[in-house]
1. State whether one or more residues within region 638-654 are over 20 Å from the mean Cα position of the chain (by Cα), surrounded by fewer than 19 Cβ atoms within 10 Å (Cβ to Cβ), farther than 26 Å from THR541 by Cα and of a type in the set (Gly, Ala, Ser).
2. Looking at ARG635, is it in contact (Cβ under 8 Å) with a residue 24 or more places away in the chain, assigned to a strand (DSSP E or B) and at negative phi?
3. Could you check region 219-239 and list, in sequence order, the residues that are in a strand (DSSP E or B) and of a type in the set (D, E, K, R)?
4. Could you grab me the full set of residues in region 121-158 that are open to solvent by 20 Å² or more (accessible area, probe 1.4 Å) and either in contact with a Ser or Thr (Cβ under 6 Å, 6 or more places away or on another chain) or in a strand (DSSP E or B) (or both)?
5. For region 486-509, enumerate the residues that are farther than 16 Å from GLN546 by Cα and not in a strand (DSSP E or B).
6. Mind counting the residues in region 463-480 that are part of a loop (DSSP other than H, G, I, E, B) and in contact (Cβ under 8 Å) with a residue 40 or more places away in the chain?
7. Where the second residue is exposed (fewer than 10 other Cβ atoms within 10 Å of the Cβ) and modelled with pLDDT of 80 or more and the first is under 14 Å from VAL284 (Cα atoms) and lies in region 305-317, which pairs have Cβ atoms under 9 Å and are six or more apart or on separate chains?
8. Examine region 286-296 for a residue that is of a type in the set (A, V, I, L, M, F, W, C) and in a loop (DSSP other than H, G, I, E, B), and state whether such a residue exists.
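The values are calculated or read from the model by the stated rules, or taken from the named source; none is laboratory data. Everything quoted here is computed from the prediction, not taken from an experiment. Every residue, glycine among them, receives a Cβ derived from its backbone with ideal geometry; neighbour counts consider all protein chains shown. When the accessible area is computed, the model is the full protein with side chains, heavy atoms only, and any ligands, DNA or RNA have been set aside. Shrake-Rupley method; radii C 1.70, N 1.55, O 1.52, S 1.80 Å.
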Amino acid sequence: MTTRQAKLVSYLTAGRKDWFADFTSWSADSRYVATTFFDDTVRVFEARTGVERCRIAFWENPYVIAFSPDGQWLAVGGETVRSVVYDAATGAERCRMEHALIGTAHERTTFSLAWNRNGKRLATVSHDAALIFNSTTGVLELALPADDPMWYPGRSLAWSPDTPGLQLAVGMGTTFGDKVTGAVKIFDTDGGTEMTRAKLTGFVNNLAWSSNGKYLAAACGDGSATVLHSTTGTLRAQLIEPLGIDHPVLDVAFSPDNEWVVTAGADRTARVLDAATGQEKCRVTHGSGVGCAGFSLDGRWVATASYGIFAGAPPGTEGGGVVFDAATGDKLSLLGDCVSSAFSPDSTLVAAAGGRADGVTRVFDPFADQERCRLIHSGPVNAVAFSPAGGQVATASQDGTSRVFDAASGTQRTGQIYSGTVTAVAYSSLDRIAGGGSAGKVRLWGAATGTVQKELVHGGAVSAVAFSEDGLSLATGSKDGKARLFAGDTGVLRFELAYGGEVGTVAFTRDGKWLATGSADTTARIFDAQMGVEHAELGHTGPVRQVAFSWDGALLASASTDQMARVFDRETGVQLYQFPHGSPVLSLALSPGGLLVTACEDGFARLFSLTDGAEVFSWGYYAAVRAVAFSPDGRRIATACADGTARILDPAVGVQILRLEHGHPVNAVAFSPDGRWLATACDDGAAHIFAVA
């Protein structure tokens with residue numbers, strides 16, 4: 001099964017201040033997602049659109065949140081208040097649940113809260129006690145104090161699955177020096193009678209009931225996980241033997257049929273285990289600790305949360321959360337870095353919260369295949385270009401062909417067979433294709449008919465081609481040390497420009513008045529595109545790999561093997577910025593909003609501001625980043641990497657939105673004119689088209 005980045009359904013700004021915790025919650029009808037934010041607000045969004053429904057101004061750190069069973073109310077627990085219940089549609093406060101300290105404990109943070117099945121009662125747990133409130137009035141109905149808040153503070157709780165939910169399981173315990181303790185107590189909440197008690201080897205991070213109410217699973221801080229009989233508290237199955245306090249088990253959940261249990265641990269694993277015997281069914285290793293895990297409604301899939309990747313991770317290890325097959329461990333889709341994830345109640349979507357690092361919660365469709373179509377060749381694809389209208393894609397391939405495909409269906413419309421590798425291709429607004437390669441020729445041919453209009457002979461292999469925006473000019477670069485400018489409609493040569501080395505990149509300003517070139521002779525140059533008169537020579541200390549004008553044509557950026565990206569004033573030729581890199585800079589692109597993104601051989605894509613020259617973000621990969629591109633509106637960045645991936649990034653907040661697996665090095669990326677689609681050129685012998693959002 002091919003692992004893919006889950007389709008981003010909606011993009012929600014949200015975040016938290018802690019590690020793995022309950023800071024996302026779904027409404028029972030799967031329509032809404034609630035999440036906490038860095039400014040201590042709680043926000044409710046429509047899950048499929050990302051439209052904010054309401055915003056709650058919480059006055060302290062909102063620690064945990066949960067929708068009521070009917071989705072009408074939202075409970076929020078904090079650092080000093082037990083819980084506040086709000087209207088989930090308007091954000092209006094319904095009632096507040098506060099109470100003086102029980103016993104002598106000074107920690108009153110609400111670590112967990114839960115509604116009973118009929119929504120009439122709300123339970124919270126803090127160090128000093130588990131408390132049960134009337135959810136309508138906020139009146140305390142029952143207090144279940146900790147035995148000893150020093151050694152047995154409350155940590156987690158869960159209502160029994162019966163309706164209305166008459167039993168409450170409370171997990172407790174602590175570690176202090178070499179003393180590690182833990183226990184689970186089950187109470188009859190009608191009178192507060194303790195029905196069952198089970199002593200465990202480590203403090204209880206999380207609890208889960210089986211759907212039939214017979215069993216209770218516990219995730220413990222000493223690295224162990226167990227399944228208990230709920231009536232007696234006796235051990236049914238030891239799922240994981242204690243691994244030590246450095247590898248706590250952080251989450252546990254039953255499958256819907258109660259046959260299996262999934263665990264999430266700081267040992268970087270999510271495990272699916274037999275609930276009766278503890279036998280391991282499958283294990284998925286992550287890049288770092290796994291904070292939570294849960295089954296889909298049909299029990300077939302598991303969604304996890306994880307953040308980052310540890311040094312020395314085995315090859316193929318993914319950073320971030322995943323959705324995987326509960327039977328085999330095969331990964332279905334990647335959720336990216338997240339500290340919390342959860343299936344919607346109907347299991348069609350997954351919410352993944354990014355936490356402190358990026359402050360973003362995203363909603364994914366893990367079952368949607370992102371690839372729109374695949375454009376098949378018999379050799380690696382070197383370059384791709386959308387038509388100006390976006391309906392077609394032109395390709396250049398090592399199989400000796402340049403082809404035009406329908407961008408929606410992948411059906412080939414026309415094509416040309418060359419006598420060697422095709423390295424560069426461009427699509428003009430006059431519906432013409434220019435493709436050139438190792439044979440030293442550029443063919444100008446009709447995209448609709450495939451008819452060759454003219455063959456433009458060069459003295460060496462063709463390295464670059466580019467049309468002006470109006471399609472009336474065509475620039476080429478060649479290994480013969482020359483740049484040439486032709487009439488884009490007729491192919492008539494207008495002028496040649498001689499260099500001391502291969503011309504590997506050419507670019508026009510959007511108005512077509514200026515032409516920039518980059519050469520292996522270490523220069524970038526700017527010419528009057530009408531007359532061929534040189535306007536400025538811009539020096540590097542190594543071959544220039546790419547040049548690109550800003551959208552208004554006022555700036556020229558250049559990338560070089562001298563490990564520098566530079567930005568020049570087009571009018572004066574004065575260098576405004578230089579950006580050092582650790583290896584040759586292979587590609588760059590400028591946004592309409594004054595940003596520069598670079599692709600480097602050192603495995604990093606970097607984003608710079610052209611307002612002050614500051615580095616804004618960087619993204620690390622495991623192989624050279626070969627190409628970068630901005631979407632037309634500047635709101636997305638695409639990268640092509642030798643590690644076999646293309647990725648889509650958000651330059652506003654620095655987060656990865658999509659990871660598109662190819663399995664072979666990706667050579668080029670291009671956005672459609674409307675920004676909805678991304679075309680990639682890959683060594684797997686195909687060009688791929690993906691939905692961006």
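1. The answer is no, given that none of the residues of region 638-654 is over 20 Å from the mean Cα position of the chain (by Cα), surrounded by fewer than 19 Cβ atoms within 10 Å (Cβ to Cβ), farther than 26 Å from THR541 by Cα and of a type in the set (Gly, Ala, Ser).
2. For ARG635, the condition - in contact (Cβ under 8 Å) with a residue 24 or more places away in the chain, assigned to a strand (DSSP E or B) and at negative phi - is not met.
3. First pass over region 219-239, keeping only residues in a strand (DSSP E or B): 219-220, 225-229, 235-239.
ARG236, the sole residue that qualifies.
4. Passing the criteria: ARG121, ASN134, LEU140, GLU141, LEU142, ALA143, PRO145, TRP151, ARG155.
5. Of everything in region 486-509, those that are farther than 16 Å from GLN546 by Cα and not in a strand (DSSP E or B) turn out to be GLY488, ASP489, THR490, GLY491, VAL492, GLY500.
6. So the first thing to find is which residues in region 463-480 are part of a loop (DSSP other than H, G, I, E, B), and the list is 468-472, 479-480.
From what's left, in contact (Cβ under 8 Å) with a residue 40 or more places away in the chain: 468-472, 480.
Number of matching residues: 6.
7. That search, which allows pairs on different chains as well, returns nothing.
8. So the first thing to find is which residues in region 286-296 are of a type in the set (A, V, I, L, M, F, W, C), and the list is 290, 292-293, 295.
If we keep only those that are in a loop (DSSP other than H, G, I, E, B) as well, we get none.
Checked region 286-296: no residue is of a type in the set (A, V, I, L, M, F, W, C) and in a loop (DSSP other than H, G, I, E, B).
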